Amino acid sequence: MYRVLIVEDDRSIAELIKEKAQMWDMECHIAENYLDVMADFAAYQPHLVLLDIGLPVRSGYHWCNEIRKVSKVPIIFISSASDNMNIVMTMNMGADDFIAKPFDGTVLIAKMQALLRRVYDFAGGVPMLAHRGAFLNTGDDTLTYNGESIPLSKNEYRILLCLMENKGKIVSREKLMERIWKTQQFVDENTLTVNINRLRKKLDAAGLNDFITTKIGVGYLVE
């Protein structure tokens, strides 16, 4: 089931969109914290974002820009500010479509479905994992935090991917080694320790202190 994040401060419009989308087997979440839309985005990990321009505190332009720093998730703007300048600006900022208010609910759903099919029928899901404001993009193997990209080696990326896929659960050293090296040949356990330590130093340097927790004699986890 596709997840849709609705960032629209007119509650009646947001609820109408949610009701329509649910009729077509889409799951929806209406953002309420306009001071930190990215918190909703990280927690919900939507397949599609519907975004108004005129929002409290910060505009839809701001949040579109913030989302594009960490994700290529499809974004559709819905706004009554439908003059050519605003439409061009949204497209230039990375939006995928623009629908003017007032709009026909059936047309909106059709556009949402078409965009979701085009993006995910081939890609196979949301290429992003999020934790504590850090975004791991599985499409290009990058980690982003506070808008900054953190370079990862191939093994560091695989370690982080495995831990974030099992967020809140302890991952054993054996499972990590199997996931990273995928080989029947012997690999010294110290090699895993070295990779974990290097990854931790990069995370700490970026401000993600204690991102990975060690459970002595058991394994590692992010929580």
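Quick check on region 37-44. Is at least one of its residues at pLDDT 95 or above, outside the structural domain of residue 144 (by TED's automatic domain parsing) and surrounded by fewer than 21 Cβ atoms within 10 Å (Cβ to Cβ)?
No, because not a single residue in region 37-44 is at pLDDT 95 or above, outside the structural domain of residue 144 (by TED's automatic domain parsing) and surrounded by fewer than 21 Cβ atoms within 10 Å (Cβ to Cβ).
Has region 167-180 got any residue that is within 29 Å of residue 39 (Cβ to Cβ), surrounded by 11 or more Cβ atoms within 10 Å (Cβ to Cβ) and not hydrophobic (A, V, I, L, M, F, W, C)?
Among the residues of region 167-180, at least one is within 29 Å of residue 39 (Cβ to Cβ), surrounded by 11 or more Cβ atoms within 10 Å (Cβ to Cβ) and not hydrophobic (A, V, I, L, M, F, W, C), which makes the answer yes.
Taking the condition charged (D, E, K, R), modelled with pLDDT under 85, out of contact with any Cys (no Cβ under 8 Å at 6 or more places or on another chain) and at negative phi, does residue 188 pass? Break it down into steps so the answer makes sense when it comes.
Numbers: charged (D, E, K, R): yes; modelled with pLDDT under 85: yes; out of contact with any Cys (no Cβ under 8 Å at 6 or more places or on another chain): yes; at negative phi: yes.
When the stated conditions are applied, residue 188 passes them.
Looking at region 191-198, is at least one residue closer than 17 Å to residue 131 by Cβ and not small (Gly, Ala, Ser)? If you could, list the steps in order and put the result at the bottom.
Filtering region 191-198 for residues closer than 17 Å to residue 131 by Cβ gives 196.
Narrowing the set further to residues that are not small (Gly, Ala, Ser) leaves 196.
The answer is yes, given that some residue of region 191-198 is closer than 17 Å to residue 131 by Cβ and not small (Gly, Ala, Ser).
Only residues that are in contact with a Gly (Cβ under 8 Å, 6 or more places away or on another chain) and either assigned to a helix (DSSP H, G or I) or farther than 24 Å from residue 132 by Cβ (or both): list them for region 1-38, please. Write out each step before concluding.
Residues of region 1-38 in contact with a Gly (Cβ under 8 Å, 6 or more places away or on another chain): 7, 9, 16-17, 20, 38.
Correct list: 9, 16, 17, 20, 38.
In region 10-24, is there at least one residue being within 19 Å of the chain's Cα centre (by Cα) and not acidic (Asp, Glu)?
Of region 10-24, the ones within 19 Å of the chain's Cα centre (by Cα) are none.
No.
Within region 3-24, identify whether any single residue is at pLDDT below 90 and not aromatic (Phe, Trp, Tyr), and answer yes or no. Spell out the reasoning first.
First pass over region 3-24, keeping only residues at pLDDT below 90: none.
Among the residues of region 3-24, not one is at pLDDT below 90 and not aromatic (Phe, Trp, Tyr), which makes the answer no.
If you go through region 149-159 one residue at a time, do you hit one that is surrounded by 13 or more Cβ atoms within 10 Å (Cβ to Cβ) and touching a Cys at 6+ places or on another chain (Cβ under 7 Å)?
no
Give the residues of region 10-28 that are closer than 23 Å to residue 66 by Cβ and surrounded by fewer than 16 Cβ atoms within 10 Å (Cβ to Cβ), sorted by residue number.
Of everything in region 10-28, those that are closer than 23 Å to residue 66 by Cβ and surrounded by fewer than 16 Cβ atoms within 10 Å (Cβ to Cβ) turn out to be 10, 11, 27.
The values are calculated or read from the model by the stated rules, or taken from the named source; none is laboratory data. The structure presented is a predicted model; accordingly, all values stated were derived computationally and were not measured. Cβ atoms come from the backbone with ideal geometry, glycine included; neighbour counts cover every protein chain shown.
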